[in-house]
Amino acid sequence: MTFWNDPINFLAEWLRGVFMGWGMAASPANAVTDIIGIVVMILFSMGIAILLVWVERKVVARFQDRLGPNRIGPYGLFQPFADIVKLIIKEDITPDGADKLVFNMAPVISLASVILIWAVVPLASKIYGVDLNVAVLYLVAVGSFGTLSVIMAGWASNNKYALIGAFRMVATMISYEIPMVVALLIPTIIAGTMSVKGITQAQSGIWFVILSPLGLLLFLICAIAELGRSPFDLNEAESEIVAGFHIEYTGMKFGLFYAGELLHAFTFGGFMAVFFFGGYGGFFGLEKLSAFTWLSNPFIQLVVFLIKALIGYWVIMWVKYSMPRIRIDHMLLFNWKFLTPLAFVLLMMTALVDKLLAPTNFYVLGMFLSNVLFAWIVIEILRAYSKRERSVTVEPAEPVAQAAHH
Amino acid sequence: MQNQWLYIGLFLVIGVIVPIVPLLASRFLAPHKPNPIKQSTYECGIETVGESWVQFKSQYYIYALVFLVFDVETVFLFPWALALQKLAIFAVLEGILFILILLAGLTFAWRKGLLEWA
């Protein structure tokens, strides 16, 4: 074992040796080493969050034909640090009549819920917090804490806009949680395990996006809704309720919400990579060839994972800055009358095809073609429906400008 | 680590401490000069009228009920999905029957008009 092929265990062994050398017993030395490991993991995720502030601002600037931050440091890279200093020295205002305890707890829970997800994020085959055998369920469970923090913030602020934002968030959460769980069931079915590391390893031959492209699409839509990002950003719709649930938050408390949201989006990008794009691995068996064994190096895997996660994050940003916000009734109808039935039918189809074709040679082809066929049927149904809708719509009244000419 | 859930517990504790650190730093570094105007509820400059903690639209409650049914049932699907390859084809069809019953529930709610936002 050297630093290059197993860095985390190498450093942990070395630290353990150092602590034992100081005269510590074995079990406290192990515990201290684990705590240091956890702190490093969390600080790493915080470092990514800081970088994401810059990425997000730069990308939104490009989408809107602006330059973005470019004054502090090369390409404005140090802008987030200036932002942090500014947020820390800003006055913290608690509004009159706010429920102080809940008000102060909400931003902490918001960020902590995202940090907790990082316990199971597999950064490389040998760099991860813990390899839970129920990681998929854990991800769903911990993700709900973020929603809880939004409700707490909205309710405790004693502000009508914040309350409306929180209500909308509840509606989004309870609606999109169901197709999300179903979308997560699909990789579970294909891989036969709930451990994220196991799912990654199951994709060393073929990515799940090829076996279930519709599952990826479903997961992407639900992830965006779960994040409360545009087009589902009704919880903070600027033009209606100013900033929604975090309207009364100032200074560093706002900063925690902001960091939490960005990191959550990146984490969902990471999980898209893990569940559908092979995570840190997935080189189609290339790493088994003698010329490409370096692909199994943890550092290479870390870079591959971060690139895949950033691409997923970029797609989420792309959607956010291209789509207008939808109305709440449309959002709920889209979920309950379209996405939820679709998700369950897709689940049934995946289970059947997976069960019937797994022993045969047509597994990959069958899975892919069944998805294509399914998508085609759905599009045809939608087309027939919209045709019927169009035929019953009455002719629009004569435009006012034309009527004035008569 | 021997116990994975102990690790998660440690992660939880440290994960709560990490966001508190900048808040504490802010408490020591930031000015603190409260006054009634500054602390008033923000409503785009207009004085707020009445209570903020009001009764809300009951439609949210109905969606929550429908959600609850589905969310509990989907948890039952995880063991089925995990063991799918080891199950007999009969058990797979049983699972699909279970999903069909779920969808029948959704259709019932749909036909009853519970999913309308009105």
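Key figures
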read-out: Angle between chain B longest axis and helix B:4-29 axis [Cα atoms, degrees, rounded to 10]; value: 20
read-out: Debye intensity ratio I(q)/I(0), log10, segment A:248-377, q values 0.13 Å⁻¹ (C-alpha model); value: -0.89
read-out: Linear extension gain, residue A:40 paired with residue A:329, 0.36 nm per residue minus alpha-carbon span; value: 99.7 nm
read-out: Residue A:376 versus residue A:82: modelled label distance in nm, points set 7 Å from Cα along the beta carbon direction; value: 5.6
read-out: Per-residue average of Cβ from other chains inside 10 Å of A:36-43; value: 4
read-out: Segment A:101-240: radius of gyration over Cα atoms, expressed as a fraction of 2.2 N^0.38 Å; value: 1.17
read-out: Paramagnetic label zone (point 7 Å from Cα along Cα-to-C-beta, residue B:87; backbone N under 20 Å) in segment A:182-214; value: A:182-195, A:199, A:212
read-out: Cβ neighbours within 10 Å from other chains - mean over A:108-115; value: 5
read-out: Average beta-carbon neighbours from other chains, 10 Å sphere, peptide A:97-104; value: 2
read-out: Shape category assigned to segment A:10-56 from the gyration tensor of Cα positions, a/c cut at 1.5; value: prolate
read-out: Estimated [θ] at 222 nm from DSSP helical runs (n ≥ 4, -39500 (n - 2.57)) normalised by residues in chain B, nearest 500; value: -22500 deg cm²/dmol
read-out: Helical mean residue ellipticity (222 nm; -39500 (n - 2.57) per DSSP H run of 4+; nearest 500) of chain A; value: -23000 deg cm²/dmol
read-out: Mean separation of Cα contacts under 8 Å (6+ apart) over length of segment A:1-86, as relative contact order %; value: 15
read-out: Rh by Kirkwood over Cα pairs, then Stokes-Einstein D for chain A at 0.890 mPa s and 25 °C, µm²/s; value: 104
read-out: In order through segment A:93-102: 3J(HN,Hα) via Karplus (6.51 cos²θ - 1.76 cosθ + 1.60), integer Hz, x for Gly, Pro; value: 9, 9, x, 4, x, 6, 7, 4, 4, 5
read-out: Cα pair distances in segment A:1-86, grouped into 5 Å bins until the bin that holds the longest one, percent each; value: 3, 13, 15, 14, 11, 8, 10, 11, 8, 5, 2, 1, 0
read-out: Computed over chain A: relative contact order in percent, which uses C-alpha pairs under 8 Å that are six or more apart; value: 19
read-out: Inter-site label distance for residue A:31 and residue A:387 at 7 Å from Cα along Cβ, in nm; value: 7.1
read-out: Most to least packed among A:49-57, A:358-366 [average Cβ atoms within 10 Å]; value: A:49-57, A:358-366
read-out: Residues residue A:322 and residue B:39, FRET efficiency given R0 of 35 Å [Cβ-Cβ distance, rounded to 0.05]; value: 0.35
read-out: Whole-Å semi-axes of the ellipsoid equivalent to segment B:4-111 (Cα gyration tensor, √5λ, descending); value: 48, 29, 7
read-out: Hull volume in cubic angstrom per residue (convex hull over the Cα atoms of segment A:58-142); value: 206
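Taken together, the values in this text are just the output of simple stated rules run on the coordinates, not laboratory data. A quick note: this is a predicted structure, and the numbers were derived from the prediction, not measured. Here the Cβ is made from the backbone with ideal geometry for all residues, glycine too, and neighbour counts use every protein chain on show.
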